[in-house]
Structures are given as structure tokens and as C-alpha cells.
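Below: one structure, written as C-alpha cells.
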Amino acid sequence: MPRQAAVPVALAALLGIAAGGLVLWKAAQRRRGRARSGSLREEAAGERPEGKASEAGGREALPLFAPPTLSWVERSLGADIVVVSERQEWDRVQPLLKTELEKWPVLGMDCEWVSVEGKANPVSLLQMASASGLCVLVRLPRLVASGQPVPKTLLDIMADDAVLKVGVGCWEDACKLLQDYSLPVKGSVDLRYLAMRQRNWEAEELTQDQVLYAARDAQVSVALFLHLLGFACLPATSKGENSVSGWEKVLSKCQGLVDIPFKGRKSGSTGEDRSGEARSPHKGKNRRSVVNVHSSGSQQVRDPRRQKRKPLGVGYSARKSPLYDNCFLHAPDGQPLCTCDRKKAQWYLDKGIGDLVSTDPFVVKLRFEPSGRPESDVDYYLMVKENLCVVCGKRESYIRKNIVPHEYRRHFPIQMKDHNSHDVLLLCTSCHAISNYYDNHLKQQLAEEFGAPIGSEEGVRLLEDPLRRQVRSGARALLNADSLPDPRKAELLQGIKDFFNVEAVTPEMLQEAAGLETRICNESYMPHGLKVVQCCAKGGLRSLMQLERRWRQHFLDSMQPKHLPEQWSVDHNHTKLIRKYGEDLQIQLS
């Protein structure tokens with residue numbers, strides 16, 4: 001992307017930072033204004049020699065931090081712009097961006113995409129700008145070309161709720177990134193909400209905060225206007241050129257755009273559909289969804305930002321209690337058998353088949369011989385486990401993660417299902433979303449290897465029956481359209497008669513037809529997970545264990561967990577399975 005084209009795109013992201021910075025100006029500007037007023041009064045009274053008063057006042061008025069000025073904006077706009085199309089380019093700029101975020105954990109964020117014939121393509125450009133103005137433009141389709149995943153360092157930044165992503169419509173952008181690339185974004189702040197906090201604009205007198213905000217709002221708008229037109233400043237006028245002809249140069253670049261409402265980008269244009277509406281929690285319910293209209297006016301689709309997918313963390317049900325209570329069960333002779341939760345340990349006591357040995361730790365000794373004992377004192381199920389995210393160590397908002405996804409594990413033979421809590425670990429909501437992103441890539445690989453396409457179960461298991469749909473549509477038309485021509489009514493009634501194989505249609509039959517289920521079962525449907533497991537099962541027990549091991553290793557490679565429980569292993573239980581059942585075990589899938 002040439003720098004000339006990159007600058008306006010980068011500017012949009014930088015404005016997110018600039019507008020966010022407006023909020024931080026207030027305290028400094030207010031303090032500065034009070035100090036300046038006091039200094040002027042002192043000078044007028046002649047209490048200090050000329051010049052010294054202003055110097056003293058200036059020293060007293062030093063703010064906690066230097067307020068942003070035009071020079072700060074100019075420095076931001078003059079900062080580096082980096083276009084990222086390949087993994088190597090991201091790896092070069094990522095350390096610099098990380099350093100920036102350690103100082104000021106805020107990113108101006110925006111997205112651009114193309115709409116073709118009213119249908120929005122995936123996000124083509126992700127724009128990020130740091131507080132210093134460093135702007136990184138990520139061309140996502142090129143970055144993930146050939147099935148490459150999004151770099152984990154980029155995933156970490158976007159999923160980190162401690163790094164604020166600010167801009168206009170950034171929540172909608174986050175939804176689209178999740179929809180298009182399974183890229184989770186957390187920590188988004190829509191600047192329109194901050195703007196709405198400027199109190200009463202109909203007050204008798206505007207506060208200094210309101211005046212500053214309103215002024216900056218207009219100033220930034222005209223600065224962006226001139227910049228997008230290619231003017232570094234107002235077009236200069238000389239003696240040989242009057243101001244009218246100078247301004248005509250500006251107007252010529254706006255030809256066809258004056259007094260035209262913005263309705264989103266037309267097909268074939270670069271960028272995304274923007275409604276320009278703030279998502280006010282009080283007004284959002286009564287607003288119509290904005291649609292992108294094809295130039296012919298014949299096709300409409302739902303605004304892609306209005307889709308139902310939620311951004312990172314929303315919809316994840318974090319645990320309200322610890323997963324690991326680290327209670328112990330002992331054999332009658334006192335040998336430790338395993339750890340368990342408090343509810344299970346209490347069950348043995350309530351049934352009278354166990355005795356309480358101690359309460360801290362909570363230890364129950366069984367009154368009967370268990371079916372099996374651990375083979376060593378360092379067995380995985382004897383280890384005390386911490387309630388924290390095994391990837392980042394976060395101790396709150398964690399949920400269970402199935403290392404081998406349930407859609408595969410559910411079809412394993414019963415011998416491989418016993419004692420599978422080894423593959424249930426705790427992850428925080430952010431790490432869980434990132435892990436799911438990488439899981440989707442491995443699922444796609446398995447789909448290609450075993451000819452097991454991935455699809456929505458509802459969309460594959462059930463097929464739409466055109467005949468039933470036609471009958472239902474006809475019945476609804478008869479019930480709701482009194483002005484139908486008689487020939488059309490007769491045609492629709494005949495269709496219903498043929499479907500039910502009757503001579504006459506009763507009102508009850510018409511109601512039944514109007515509520516007819518149009519989806520039928522696809523008898524040839526086979527879930528992706530079942531087909532993969534079936535293919536692996538042809539190679540026997542070892543082949544299934546290889547599938548299990550592959551998922552475990554995938555988790556280690558993609559997430560690089562730093563807090564795994566002791567004795568967690570990619571080969572857990574495999575040696576025991578071979579010794580107990582042999583390699584020739586007849587596989588019976590669930």
C-alpha cells in the first residue's frame with residue numbers, strides 16, 4: 001500500500017487516540033486556566049515586577065502532565081506508519097508496539113472492508129495506532145493467506161482487556177473481526193459514549209470542559225477535511241490569486257458530495273459500512289438497522305455489524321466456584337488414591353462408606369477396597385492443582401477448557417473415556433477464546449485430511465424441503481391475504497389438498513399447514529467429529545491415541561501454557577491403556 005493511501009487510513013485510527021486524549025485534557029486545561037487567571041490579576045495589581053509574575057505563574061501552573069497541543073497532534077500524524085502483510089513484517093513491528101503499550105495501554109482502532117453487491121467481505125484492513133502515533137496497518141487477508149493463523153502476539157494484544165481499543169464503532173468492529181477471523185477483541189471503548197458525558201448542552205452557561213470538547217471536536221473535523229483533500233494547511237493565496245479561486249480548488253474536490261447523506265459504502269468501494277449512529281443504551285432499541293444498498297437498489301442485506309456474534313468475554317459463563325477443591329480419598333490402609341472435589345468426598349461420608357480423617361486438607365478414608373490404585377506416588381490424580389488459568393496465571397473469570405474437544409471425545413471408546421479429567425483445564429475467558437481460535441485451524445486440517453467437512457450441525461443435519469415450504473407459504477397467504485384473486489386461491493388450496501391427500505381443506509388443516517415444519521432430517525448426515533474418529537479407529541487403539549496426543553500437543557504449541565498442573569502429559573494414560581487392553585482391542589465407538 002503506497003504511503004499516500006496509507007496516510008488517510010492511519011489518520012482515522014489516530015483520531016481515535018486524539019479524541020480519546022480530549023478526555024485527558026480536561027483536568028490539565030482547567031488547572032492551567034485557573035493559574036493563568038490568577039497570574040493576570042496579580043500583574044494588573046502591580047504586586048510583582050513585570051515579567052516575573054508571569055514566570056512565577058507559569059511555574060505554579062505546571063500541570064501533572066503536558067496537555068496535548070497542536071504540536072502533539074502534528075507529532076502523532078508525523079509518526080511512523082507500518083503496513084503489515086506478512087508474518088515477518090508483524091514480528092518486526094510487534095516489539096515496538098509492545099513497548100508503546102507498556103507506557104500507555106491504549107490503541108486507536110478501526111477496520112476497513114469492501115462490500116460487493118450489498119454483501120460485506122471479511123475485514124481487509126485492521127488499523128491500530130498507539131498513543132505516540134505509531135500506526136500499524138494489518139492487511140488481514142494477506143496475513144492469514146494459505147491457512148496461516150493470526151500471530152499469537154497479535155491475538156494477545158487484541159484479547160487483552162487491559163489494553164483499551166478506542167474509536168467510533170469499535171465494538172461493531174470487534175464483532176466483525178470475531179465473525180470473519182475468530183479474532184477476539186476485548187477492552188473496546190466507543191468514543192461516542194465519552195462524548196455523551198459532556199452533560200447538559202442546553203445549560204445557561206457552558207462549562208470550560210464543554211467548551212474545550214466542542215472546540216476540539218470541530219477543530220479535528222476541519223483538520224481531517226483538509227488532510228483528506230491533500231492540503232497540509234489552508235490553500236495559500238497571493239496577490240495574483242484571490243481567495244475565491246483558492247477556495248474553488250477545495251470545492252472542486254468535493255463535487256458531488258455536498259448535501260449528500262452518508263448511507264454506507266457502495267459495492268466495490270473500499271472500507272466498511274458505517275451508520276454513524278451512537279449505540280446509546282437508551283435509544284438503541286428504537287433504531288432501525290442500517291442496510292447496505294446495492295447501486296441498483298434491488299438488493300438489501302443486514303448491516304454486518306448487527307450480527308449476533310458477541311465480542312470476547314461476552315457469553316462466556318465464568319465459574320462461580322473453584323474447580324479444584326483438592327480433597328483427598330485414601331484407601332482403607334491409608335494409601336492416597338486421588339484428589340476430588342468436596343461434594344464427592346462428602347458423598348462417601350453421607351453414605352457411610354468413608355471416614356473423615358482431617359478437615360485441612362479434607363481427607364476421607366474409604367471403608368472398602370477400591371477398584372484400582374495409583375501406580376506411583378507421583379500420579380497426576382494425586383497432585384494438588386491450583387485454580388488459575390494454566391496459560392497466563394489469572395486467578396479469576398476462568399472456565400473449563402476441553403483440550404480434546406467434546407465433538408471428538410464423545411465418540412471415543414469407553415476405555416478412553418475413563419478418568420479423562422486430565423484433559424479438562426482452567427483458562428481465563430481471554431485465553432479460552434484465543435485457544436478456540438487455534439482449535440478451529442486444527443479442525444480444518446482434520447477436515448481436509450479425513451474428508452470430514454466442518455459445518456453447522458443444524459445446517460447439515462436438517463435439509464429444507466421445498467414442497468413443505470411451498471405448502472406452508474400458501475397456507476399463510478390464504479390466512480392473511482383476503483384480497484387474493486380467486487384463481488390464485490384455488491391454486492393454493494389445491495396444493496394443500498394434494499399435500500394432505502384430502503378432498504377438502506378445513507380451517508384446522510389450514511392452520512396446521514401454516515405452521516408446517518419445513519426442515520427434514522438428512523439421513524446421510526455424519527458429524528465432523530464422528531467421521532474423524534471413525535477414520536482414526538480403523539487404525540486401532542494406537543491411532544486413536546495419536547489423535548488424542550495430537551490435540552494435547554496442539555494446545556502446548558499454540559498456547560504455551562506456563563502453569564500446567566504437575567505430571568500433565570501429552571501421553572497421559574497411553575502406556576496403561578496398551579498394557580491393560582493390548583493393541584488389538586476391538587474398537588467400539590460411542
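The values are calculated or read from the model by the stated rules, or taken from the named source; none is laboratory data. Here the structure is a predicted model, which means the values were calculated and not measured. Don't worry about glycine lacking a Cβ; one is built from the backbone with ideal geometry, like all the others, and counts go over all protein chains shown. Keep in mind that these areas ignore ligands, DNA and RNA; they rest on the heavy atoms of the full protein, side chains included. Shrake-Rupley method; radii C 1.70, N 1.55, O 1.52, S 1.80 Å.
Quick notes
- Approximate spin-label separation Leu366-Glu248, in nm, with each point projected 7 Å along Cα-to-Cβ: 9.7
- Carbon + sulfur, % of accessible area of region 355-510 - ligands and nucleic acids excluded, 1.4 Å: 49
- At R0 = 45 Å, FRET efficiency that the Cβ-Cβ distance of Arg92 and Glu375 yields, to 0.05: 0.35
- In nm, spacing of pseudo-spin labels at Ile520 and Thr506 (7 Å Cα→C-beta vector): 2.6
- Paramagnetic reach from Ile414 in region 549-589 [backbone N under 12 Å; point 7 Å along Cα→Cβ]: 588-589
- Burial order of peptide ranges 529-542, 180-193 (average beta-carbon count within 10 Å, highest first): 180-193, 529-542
- Amide hydrogen proximity for Val189: with H placed 1.01 Å from N in the peptide plane, the residues at 5 or more positions away or on another chain lying under 5 Å are Lys165, Val166, Gly167.
- Cleavage-rule hits (GluC sites (Glu not before Pro)) in region 339-426: DSSP loop, at most 12 neighbouring Cβ within 10 angstrom: Glu375, Glu396
- Kirkwood hydrodynamic radius over Cα pairs of region 511-590, then Stokes diffusion coefficient at 10 °C and 1.306 mPa s, in µm²/s: 99
- Among the listed pairs Lys385/Lys562; Lys344/Lys385; Lys365/Lys580, those beyond 24 Å (Cα-Cα): Lys365/Lys580
- Highest-first packing order for the peptide set 360-368, 429-437 is 429-437, 360-368, based on the mean count of other beta carbon atoms within 10 Å.
- Sorting the segments 132-144, 96-108, 479-491 by their mean number of nearby beta carbons within 10 angstrom, highest to lowest, gives 132-144, 96-108, 479-491.
- For His330, residues with placed amide H under 5 Å, excluding near neighbours: Leu337, Val364, Lys365, Leu366
- If R0 is 35 Å, the Cβ-Cβ spacing of Glu583 and Glu449 corresponds to a FRET efficiency of close to 0.95.
- About the centre of its Cα atoms, region 375-460 shows a dipole size close to 280 debye [charges on the beta carbon of Lys, Arg (+1) and Asp, Glu (-1) only; nearest 20 debye].
- R0 of 60 Å, Cβ-Cβ distance Glu204-Arg469: FRET efficiency to nearest 0.05: 0.45
- Subset of Lys165/Lys320; Lys320/Lys351; Lys98/Lys152 violating a 25 Å alpha-carbon distance limit: Lys165/Lys320; Lys320/Lys351
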